[in-house]
Every structure is written in structure tokens, then in C-alpha cells.
Amino acid sequence: MQIIGKTNFDFMGKKKITFVISAIVALLGFLGIGQIAMGTANMGIDFSGGTAVQLNFSQPVPIDQARQALAKHGFRDANLQEITGGNKLLVKVGKATHVQGPVADAIQDAFHKELTGNRFVVESSTEIGPAIGDKLRRDTLVAIAVSMVGILIYIAWRFDFAFGMGALAATLHDVLAMFAIFFVMQKEINLLFITAVLTIAGYSLTDTVVVFDRIRENLHKNVKDSLTAICNFSINEVLSRTIITALTTFLATAALFFFGGDVIHDFAFALLMGIIVGVYSSVFVASPIVVLWGERNKETKA
């Protein structure tokens, strides 16, 4: 199946422009990771420590009324989130809250006193200590770093070192792009976001391998053509396949984004952005790196 016919786009000719765009995205991504490492980003309670309580009320509760009720009892900085499907409310409180006794009990007491007549049941209650949150944050950054090294080793073994560097650069670009998007939009960084990052890293790598396979195949067929020409020709050959794969994955993820509910809304959003970025990096980051590496080696040998 082909969405578009035979193409002849000069992807490698745009590499200077795309490298500038990618550099800006990477810089924002590093700023976001720096904030996470220092604990100053918009961190979920998974990393910062705190308490999350999900309540199901018998009657609808306006979000402003619930916020005022909590503020009267010392929870001025509480994060409130309405959950679709019933009169459900998710209350998140950070570790900096100065409340004596169990925080979950204090939240329930606040609603009992301020929302009299509106009964509720606690559907879930989660507490994470600051030490556990800090450990999760460190382990997350280590896990991402280890995955990058693993990708480099795998691609270098399957193809050669130049392809390994291209795949590593593309995957690192995708990871940084997702951190950049969440950093700019001030979205919450939690374990679901990290799951989305690692998922997209694997997705992007698969797309990159398809492009690299075609480049390697054409390198053996067209020994007289330049590496730039072979990369352009190879990407154009697999362009239809890349678009179809990305489009079907994007539509499935869009269904999660629009109909999956508030709990996985940011997770689905991260996947949607990651799919777009993954296609971009396979074409405009991974392959140009291979071309530059090949040209550099040729100049060195000359």
C-alpha cells in the first residue's frame, strides 16, 4: 500500500536547517532534564514525594469549591484534577505541605467539614516519601542513560559505528524533544511520562533501523554513488512505509488522547508528540549523521 507515489526529495540538502532546529530542541531538553535533576521541575509525587487521594462523591463538586475547602485546612497548593466517569476528584499534595498527621486523613477531614451532605468514598490513596521520590528521579535518569548506551552498542553491532552514532543521536534527540515539550508547556513529569519516553525511544529506533537497512542494501547495489545520494534515495524508497506506520500509530494514540480519560491524558500526549518527533529524527537526524560521519572518514583517509 502506498499513500504517496515515487518521490525524490533532497532530505540531506536540508540538514543544516534541521540541525539548527534539533540543536534548539536539544538545548531546551537539557534545560528540562537539569530542572528534573535539581528537583525544580513540575514533578509528580512519584519523584517529589507527597500524597495522592482519589475520591468519588455522591454529588458533583465544583473544582473551585473543592479548592477552597482544602485551602481552609492548609492545602493551598493542592493539585486538583477532575476525572471523567462519575463525580470523581483526584487530589495531589506535595511533600512541602505542613499538616500534622497523615495527609490523606487530613484531606478527608477537610471535605467532611466543608462539604457536609456530600458523601464520598476513597477509591485510592498513595503516599510516597521524599527519599523514595529522590531515588526514583535518580534511577529514571540512569535508566535513560543506560538505554542510550544499549542502543549505540546494538546498532554498532548490527551495522557499523557510523550507523550506531546516527541511531544514538536520533534517539537522544527524541528523548530530549519530549523533555523539551513538557518543559516548555510546564506539564507534570511523572512515571507515566518516563514510560512514554522509553516507549518512543524504542519506536523511533525501529523506524531508524528500517531506514538504515535500506541504506545498507543500496550501498552494496550502488557502489559508485555518493553516500548523500544513496541516503536520499533510500529515505524516499521507504517514505511511504514510514508515513503509513506513523499514521496508524498516531491515530491509535489519538484515540487514547481524546477518549482515554484524564489519568492517561498527558501520557497519550507524550506519545503523540514522540511519534511525530520520531519520524522527523529518522529522516533529518539519524541519516545526516551517517552522511557527515562518512564524509569525515573519507577526508581523513584522503
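The requirement of being at pLDDT below 90, open to solvent by less than 30 Å² (accessible area, probe 1.4 Å) and at positive phi is fulfilled nowhere in region 277-300; no residue meets it.
Every condition in (1) at pLDDT 85 or above; (2) open to solvent by 50 Å² or more (accessible area, probe 1.4 Å) is met by Ala170 except one, and the failing one is (2). For first residues located in region 252-267 and on the phi > 0 side of the Ramachandran plot, partners that are part of a loop (DSSP other than H, G, I, E, B) and lie 6+ apart or on another chain with Cβ distances below 8 Å form the pairs Gly261/Thr84; Gly261/Gly85.
Within region 225-276, being among the β-branched types (Val, Ile, Thr) and open to solvent by less than 20 Å² (accessible area, probe 1.4 Å) holds for Ile230, Ile235, Val238, Thr242, Thr253, Ile275. From the residues in region 173-187 that are open to solvent by less than 30 Å² (accessible area, probe 1.4 Å) and not small (Gly, Ala, Ser), which one is farthest from Val210 (Cα to Cα)? Applying the filter and picking the extreme gives Phe182. Scanning region 195-204 for residues that are crowded, with 21+ Cβ neighbours inside 10 Å and over 17 Å from Leu256 (Cβ atoms) returns Ala201, Ser204. Put simply, of Ile276, Ile235, Ile200 the only residue that is closer than 24 Å to Ile21 by Cβ and out of contact with any helix residue (DSSP H, G or I) (no Cβ under 7 Å at 6 or more places or on another chain) is Ile276.
Is at least one residue of region 221-231 within 17 Å of Ser281 (Cβ to Cβ), assigned to a helix (DSSP H, G or I) and not hydroxyl-bearing (Ser, Thr, Tyr)?
The answer is yes, given that some residue of region 221-231 is within 17 Å of Ser281 (Cβ to Cβ), assigned to a helix (DSSP H, G or I) and not hydroxyl-bearing (Ser, Thr, Tyr).
Under the condition of being at pLDDT below 80 and surrounded by 14 or more Cβ atoms within 10 Å (Cβ to Cβ), the residues counted in region 119-131 number 3. Could you go through region 81-96 and let me know if any residue there is over 17 Å from Gln35 (Cβ atoms) and assigned to a helix (DSSP H, G or I). No, because not a single residue in region 81-96 is over 17 Å from Gln35 (Cβ atoms) and assigned to a helix (DSSP H, G or I). Only one entry in Ile24, Ile17, Ile4 is hydrophobic (A, V, I, L, M, F, W, C), modelled with pLDDT under 80 and either within 24 Å of Ile276 (Cα to Cα) or open to solvent by 50 Å² or more (accessible area, probe 1.4 Å) (or both), namely Ile4. With respect to the conditions (1) surrounded by 11 or more Cβ atoms within 10 Å (Cβ to Cβ); (2) in a helix (DSSP H, G or I), Asp10 lacks only one, and its number is (2). Of everything listed in (1) without any contact (Cβ under 8 Å) to a residue 40 or more places away in the chain; (2) within 30 Å of His173 (Cβ to Cβ); (3) open to solvent by 70 Å² or more (accessible area, probe 1.4 Å); (4) over 22 Å from the mean Cα position of the chain (by Cα), the single unmet condition for Asp64 is (2).
Scan region 31-52 and give yes if some residue there is open to solvent by 30 Å² or more (accessible area, probe 1.4 Å), under 28 Å from Phe259 (Cα atoms) and part of a loop (DSSP other than H, G, I, E, B), otherwise no. Yes, that holds for at least one residue. Taking the listed residues Ser287, Ser281, Ser240, the one that is of a type in the set (Ser, Thr, Tyr), farther than 22 Å from Leu168 by Cβ and part of a helix (DSSP H, G or I) is Ser240, with no other qualifying.
The values are calculated or read from the model by the stated rules, or taken from the named source; none is laboratory data. All values derive from a computational prediction rather than experimental measurement. Glycine also receives a Cβ, built like all others from the backbone with ideal geometry; neighbour counts cover every protein chain displayed. Accessible surface areas use protein heavy atoms only, side chains included; no ligands, DNA or RNA. Shrake-Rupley method; radii C 1.70, N 1.55, O 1.52, S 1.80 Å.
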